[in-house]
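The values are calculated or read from the model by the stated rules, or taken from the named source; none is laboratory data. Just so you know, these numbers come straight off a predicted model, no measurement behind them. Using ideal geometry, Cβ is built from the backbone for each residue, glycine included, and neighbour counts are taken over all protein chains shown.
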Amino acid sequence: MTEPEFIPFSPPAFGREEEQELIDTLRSGWVTTGPRTKAFEAEFARRLGVAHAVAVNSGTAALHLALAAGGIDTGDEVITSPITFPATANVVVHQRGTPVFVDVRPGDLNIDPDRVEAALSDRTRAIIPVDFAGTPCDMDAIRAIAGRRELLIVSDAAHSLGASFDGRPVGTLADVTAFSFYATKNITTGEGGMLVTDDERLADAARVLSLHGISVDAWKRYTPERYTHWETLAAGFKYNMSDLQAAIGLHQLAKLDGFVARRRQLMEIYRHRLGDMDEIRFLEEAPAARSARHLCVMIARTEELSITRDEILQALQDRGIGVGVHFRALHLHRYYRERFGFRPGMFPNAEYASDRVFSVPLHPGLDDGQVERIVGAVREVVTAGRRRRFQGASTTA
Ligand SMILES: *Cc1c(COP(=O)(O)O)cnc(C)c1O
């Protein structure tokens with residue numbers, strides 16, 4: 001018997017267009033930030049309907065620049081969700097700020113706006129809502145709170161490129177939005193990210209800080225017309241995107257709508273085929289939220305099961321299916337416990353999810369046969385892990 005082929009968790013979806021553009025870029029003699037990065041930024045801004053897009057070399061860089069450009073500094077408190085990737089809170093620490101976690105809503109695992117109010121202090125300067133699994137946060141509620149206190153809203157939209165809230169695309173809902181083009185994200189440039197904003201001052205500051213804090217970017221420094229002296233305006237970072245990354249990004253962006261449509265279709269199949277199982281549940285979403293379907297996250301109701309989440313992960317992996325965990329609650333990671341004193345019990349909804357979430361493959365290259373295999377495996381593993389609730393009934397009958 002031959003082993004069934006392994007289904008990877010989230011491979012990138014590249015075609016001939018990306019390959020050809022990369023070759024053309026190599027042959028052009030210009031590989032760092034240049035015409036393709038400028039074109040990628042312009043097309044990105046146009047599609048989302050935002051004034052400014054700054055291409056950078058990671059989503060983390062976009063988040064960090066948003067805080068730095070927004071003036072977040074020593075001792076400032078920044079509110080965010082514990083159900084996220086470490087980068088979201090790490091960048092607060094990079095600015096010598098203090099991350100303040102607020103619990104998530106049990107339905108969509110997005111930050112609970114009702115709890116944000118209680119976490120505000122005199123030192124609160126910003127909020128970083130995370131659009132978990134691609135489903136936008138309740139931005140109207142978050143804006144209402146932030147507006148009263150003039151807080152900066154930085155959207156962590158690493159999962160939500162292609163999503164919208166009340167018909168408005170993610171990217172237009174916050175003061176600044178950070179996207180990631182990491183290998184597994186809805187579009188990828190290998191590594192990469194984008195900061196978008198309508199605020200010209202923030203955009204200019206982010207752009208300068210993205211390239212050492214100098215006054216002129218590389219493309220302008222080396223144009224044939226004239227030599228330009230440049231000046232260091234701030235101790236900036238080395239976060240600029242290369243034209244090799246932008247070459248890939250231009251074509252990935254053109255394919256975004258198709259990618260998201262296929263993701264939505266796949267998610268419908270998963271919900272339809274597994275929605276009857278009491279022991280697992282899918283995430284919910286607010287009526288106004290249209291998700292970009294970045295992840296297929298399920299919550300194993302382990303109180304109804306005799307197996308743990310980790311045993312489910314292993315059993316799926318043994319059946320040739322790539323799996324993920326999004327996310328183990330960040331406040332319980334060692335650094336955050338030791339440095340900031342976070343403890344178990346502080347954020348019950350996040351902690352409940354932390355021990356129970358597992359993600360199965362959801363990417364545009366997944367075919368219907370693979371989805372059926374994954375559905376079958378989840379059903380088999382969860383069914384086998386069912387508690388035998390009526391044990392003993394047959395002996396007394
Ligand atoms: C991937 C991710 C990031 C970081 O993006 P990189 O491009 O890998 O730096 C930040 N936040 C969330 C929620 C992510 O999933």
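Structural remarks
- Residue match in segment 220-241 (condition: in a helix (DSSP H, G or I), over 26 Å from the mean Cα position of the chain (by Cα) and surrounded by fewer than 20 Cβ atoms within 10 Å (Cβ to Cβ)): yes
- The C-beta contact set for segment 182-197 (first residue within 18 Å of residue 132 (Cα to Cα), second residue buried (at least 20 other Cβ atoms within 10 Å of the Cβ) and at pLDDT below 95, distance under 7 angstrom, 6+ apart or interchain) is empty.
- Among the criteria (1) within 16 Å of the ligand (Cβ to nearest atom); (2) at negative phi, the one residue 109 does not fulfil is (2).
- Any chance residue 74 is more than 15 Å from the ligand (Cβ to nearest atom), closer than 27 Å to residue 334 by Cα, at pLDDT 95 or above and not acidic (Asp, Glu): yes
- Single unsatisfied condition, residue 52 versus (1) in contact with an Asp or Glu (Cβ under 8 Å, 6 or more places away or on another chain); (2) within 16 Å of the ligand (Cβ to nearest atom): (2)
- Whenever a residue of segment 212-239 is over 20 Å from residue 194 (Cβ atoms), its partners that are modelled with pLDDT under 95 and part of a helix (DSSP H, G or I), lying with C-beta atoms within less than 8 angstrom and at least six residues away or across chains, give the pairs 228/220; 228/221; 230/221.
- Residue match in segment 182-192 (condition: more than 9 Å from the ligand (Cβ to nearest atom), acidic (Asp, Glu), surrounded by fewer than 24 Cβ atoms within 10 Å (Cβ to Cβ) and not in a strand (DSSP E or B)): no
- Single match in 64, 94 (criterion: more than 21 Å from residue 347 (Cα to Cα), of a type outside the set (D, E, K, R) and surrounded by fewer than 23 Cβ atoms within 10 Å (Cβ to Cβ)): 94
- None of 86, 129 is surrounded by fewer than 21 Cβ atoms within 10 Å (Cβ to Cβ) and within 14 Å of the ligand (Cβ to nearest atom) except 86.
- Taken over segment 72-83, residues that are surrounded by fewer than 19 Cβ atoms within 10 Å (Cβ to Cβ) and either over 22 Å from residue 122 (Cβ atoms) or free of Cβ contacts under 8 Å to residues at least 40 places away in the same chain (or both) amount to 2.
- Inspection of segment 261-273 finds no residue satisfying the criterion of being outside any helix (DSSP H, G or I) and not small (Gly, Ala, Ser).
- Qualifying residues in segment 1-56 (those that are among the acidic types (Asp, Glu) and at pLDDT below 95) - the one surrounded by the most Cβ atoms within 10 Å (Cβ to Cβ): 5
- Test: residue in segment 169-177 that is surrounded by 24 or more Cβ atoms within 10 Å (Cβ to Cβ), within 9 Å of the ligand (Cβ to nearest atom), among the polar types (S, T, N, Q) and under 19 Å from residue 83 (Cβ atoms): no
- Here residue 396 meets the list (1) surrounded by fewer than 21 Cβ atoms within 10 Å (Cβ to Cβ); (2) farther than 15 Å from residue 280 by Cβ; (3) at pLDDT 95 or above almost entirely, failing just condition (3).
- Complete set of residues in segment 7-40 that are acidic (Asp, Glu), out of contact with any helix residue (DSSP H, G or I) (no Cβ under 8 Å at 6 or more places or on another chain) and in contact (Cβ under 8 Å) with a residue 40 or more places away in the chain: none
- Candidates are the residues of segment 132-163 that are part of a helix (DSSP H, G or I) and either under 11 Å from the mean Cα position of the chain (by Cα) or within 15 Å of the ligand (Cβ to nearest atom) (or both); the one that is farthest from residue 327 (Cα to Cα) is 134.
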